[in-house]
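Enquirer: I have a structure I would like to understand better, so I am pasting it below and will then ask my questions one at a time.
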Amino acid sequence: MRDPEGIARAIAAAESVCICSHVNPDGDTIGSALAMRLALLGMGKRVGVFCQDKVPDDLCFLQGAKEIRHPEENQDRYDLFLSVDVSDVARLGACAELRQACENTAQIDHHGTNPGYAQVNSVDGDASATCTMIREQLEYLQAPLTREIAECLYVGISSDTGNFSFDCTDPEAFHVMGDLLEVGLPLAELNMILFREKSKPQLRLLGRAIEKMRFEAEGRIAVMTLTRQDFADCEALSEHADTIVNYGLETIGTCMAVLAREKDDGRIKFSLRARAPLTVDDVAAKLGGGGHARAAGISMEGSLEATTNLVVKEMIQRLKATMT
Ligand SMILES: [Mn+2]
């Protein structure tokens, strides 16, 4: 249940607040944390923002991103612990210590599985992003919506709604977007940074992968492989291949896709995707991997060719089992 009043009371009673994001941070947890930071600073609070892992490069433009610290660097005491977009204590990682050090705890989150681990829990599994809840929270704090805060909230909402394309995209997301545009959100510029622009190595690698794309099971499974030589030729890093598998699934006629890449340590990393009703988490689990129903991963030892054949064989079986 949302509890913006409870959160506002906890904040009113605190002079200092430590805000925490989840491990492997995404736009929603970072946007939420930095928006709350700006609002609380505006209210005259002392604020620290913490995350166990590094902020993704494309989010570093947000105001306050450079102030985010690893929890072990903390020397201060805070009256209130506030986690944002953190579905359970395990997702706090090293920030769990900060929670223990604070007498008062609160959280704002939108994961339906959240067990309510804080004293004050504002949790709404139906919210499209934690950042939409933060917009409402600002009203209860009587904190003005500034352009800097709007940028933070846009990052979170656009990230969790797949740039306003996923099923979770709801009217509230657009209502909040209206508010953000009112205060001068530079939508086109940020959309370019977050969703469109790519580095040259990234584009070269994408070209290489698409050129090598082949199809199995009468064109229903797209298969792409990238060797260490491909990465070297394109002057690309492994992370530059992170979203390439989606192009396989976006090919008309396919319902499953896999990208295999040779890592520097010799292991083969597989990214699997499926369209509903097909699933790939079961395929991944069978081969020692895991993930979500429509997006999963596996890491295997062996040659690129042999392991890819193994994974594709499992995918074909899954396809047959689902379609009959
Ligand atoms: Mn989120």
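We did not get these values from a lab; they are worked out from the coordinates using the rules stated. This is a predicted model, so every value here is computed, not measured. Quick reminder, even Gly has a Cβ in these numbers, built from the backbone with ideal geometry, and neighbours come from all protein chains shown.
Enquirer: Go ahead and set up a Gaussian network model of the chain, Cα springs under 10 Å, then flag whichever of 126, 265, 26 fluctuates most.
Expert: Most flexible of the set in this elastic network: 265.
Enquirer: Shifting gears a bit: Quick check on the exposure proxy: order 50, 166, 231 from fewest to most C-beta atoms within 10 angstrom. Could the numbers behind the result be given before it?
Expert: Values: 50 26, 166 11, 231 22.
Ranked by crowding around the Cβ, least crowded first: 166, 231, 50.
Enquirer: Give me the number: length gained by fully extending residue 188 to residue 142, i.e. 0.36 nm times residue separation minus the C-alpha to C-alpha distance, one decimal in nm. The partial results should precede the final answer.
Expert: Details: separation 46, 0.36 × 46 = 16.56 nm, distance 2.84 nm.
Contour length minus Cα-Cα distance gives 13.7 nm.
Enquirer: For a quick check: sort 32, 271 by the number of other beta carbons within 10 angstrom, fewest at the front.
Expert: Working: 32 32, 271 25.
Fewest-to-most ranking of 32, 271: 271, 32.
Enquirer: Kindly give Rg over Rh for region 135-184, based on alpha-carbon atoms, with the Kirkwood expression for the hydrodynamic radius.
Expert: On the way: Rg = 10.8 Å, Rh = 11.1 Å.
Radius of gyration relative to Kirkwood radius: 0.97.
Enquirer: Right, next: Out of every Cα pair in region 4-196, what percent are spaced more than 27 Å from each other? If you can, show how the numbers build up before the last one.
Expert: Working: 3485 of 18528 pairs.
Considering region 4-196, 19 percent of its Cα-Cα pairs are separated by more than 27 Å.
Enquirer: Using Cα-Cα distances under 8 Å and only pairs 6 or more residues apart, what relative contact order does the chain have, in percent? Spell out each step's value before the answer.
Expert: Numbers: 623 pairs, mean separation 39.9, N = 324.
Relative contact order, the chain: 12 percent.
Enquirer: Using a 4.7 Å Cβ cut-off, which Cys residues in the chain lack a partner cysteine?
Expert: 18, 51, 60, 102, 131, 152, 168, 234, 255 - these cysteines have no disulfide-compatible partner (Cβ-Cβ under 4.7 Å) in the chain.
Enquirer: Want the number for residue 61 to residue 295: 0.36 nm per residue separation, take away the alpha-carbon distance, what's left?
Expert: Value of the extension gain: 81.4 nm.
Enquirer: Please work out whether region 225-314 counts as rounded, prolate or oblate from its C-alpha gyration tensor, where a ≥ b ≥ c are the square roots of the eigenvalues and a/c under 1.5 means rounded, while otherwise a/b larger than b/c means prolate and anything else oblate? Don't skip to the answer; put the middle values down first.
Expert: Numbers: a/c = 1.98, a/b = 1.36, b/c = 1.46.
Because a/c hits 1.5 or more and a/b fails to exceed b/c, region 225-314 counts as oblate.
Enquirer: What share of all Cα pairs of the chain, in percent, falls into each consecutive 20 Å distance bin?
Expert: Going from the shortest bin to the longest, the percentages are 30, 51, 19, 0.
Enquirer: Once both axes come from the Cα atoms, what is the angle between helix 304-323 and the longest principal axis of the chain, in degrees from 0 to 90, rounded to 10?
Expert: Computed tilt is about 80 degrees.
Enquirer: Give me the base-10 log of I(q)/I(0) for region 1-81 at each q in 0.23 Å⁻¹, Debye formula, one uniform scatterer per Cα, rounded to two decimals.
Expert: -1.14
Enquirer: Also, quick follow-up: Whole-Hz Karplus ³J(HN,Hα) for region 41-58, in order, using 6.51 cos²θ - 1.76 cosθ + 1.60 and θ = phi - 60°, x for Gly and Pro?
Expert: 4, x, 8, x, 7, 8, 10, x, 10, 10, 7, 5, 10, 5, 6, x, 3, 6
Enquirer: Simple spin-label model, 7 Å along Cα-to-Cβ: residue 235 to residue 165 in nm?
Expert: Spacing of the two 7 Å Cα→Cβ label points: 2.9 nm.
Enquirer: Hey, another quick one. So, counting K/R as plus one and D/E as minus one, what does the shell of residues with Cβ under 13 Å around residue 191 add up to?
Expert: Numbers: positive: 196; negative: 58, 151, 189, 197.
Overall, the nearby charge balance is -3.
Enquirer: Next up: Stretched out fully, how many nm does the piece from residue 215 to residue 12 gain, at 0.36 nm a residue minus the Cα gap? Before the final figure, lay out the partial values.
Expert: Details: separation 203, 0.36 × 203 = 73.08 nm, distance 5.91 nm.
Here the answer is 67.2 nm.
Enquirer: Where the centre of each part is set by its Cα atoms, how far does region 153-176 sit from region 179-224, in angstrom?
Expert: For region 153-176 versus region 179-224, the Cα centre distance is 18 Å.
Enquirer: Further, regarding this structure: In degrees from 0 to 90, rounded to the nearest 10, what is the angle of the helix 147-160 Cα long axis to the longest principal axis of the chain?
Expert: For helix 147-160, the angle is close to 40 degrees.
Enquirer: Name all residues of region 126-157 having a backbone nitrogen under 18 Å from the label point set 7 Å from the Cα of residue 175 along its Cα→Cβ direction, giving them as ranges.
Expert: Backbone N within reach: 126-143, 145, 153-154, 157.
Enquirer: Over the chain, what is the percentage of antiparallel beta bridges among all DSSP beta bridges, to the nearest 5?
Expert: Working: 18 of 43 bridges.
DSSP beta bridges in the chain are roughly 40 percent antiparallel.
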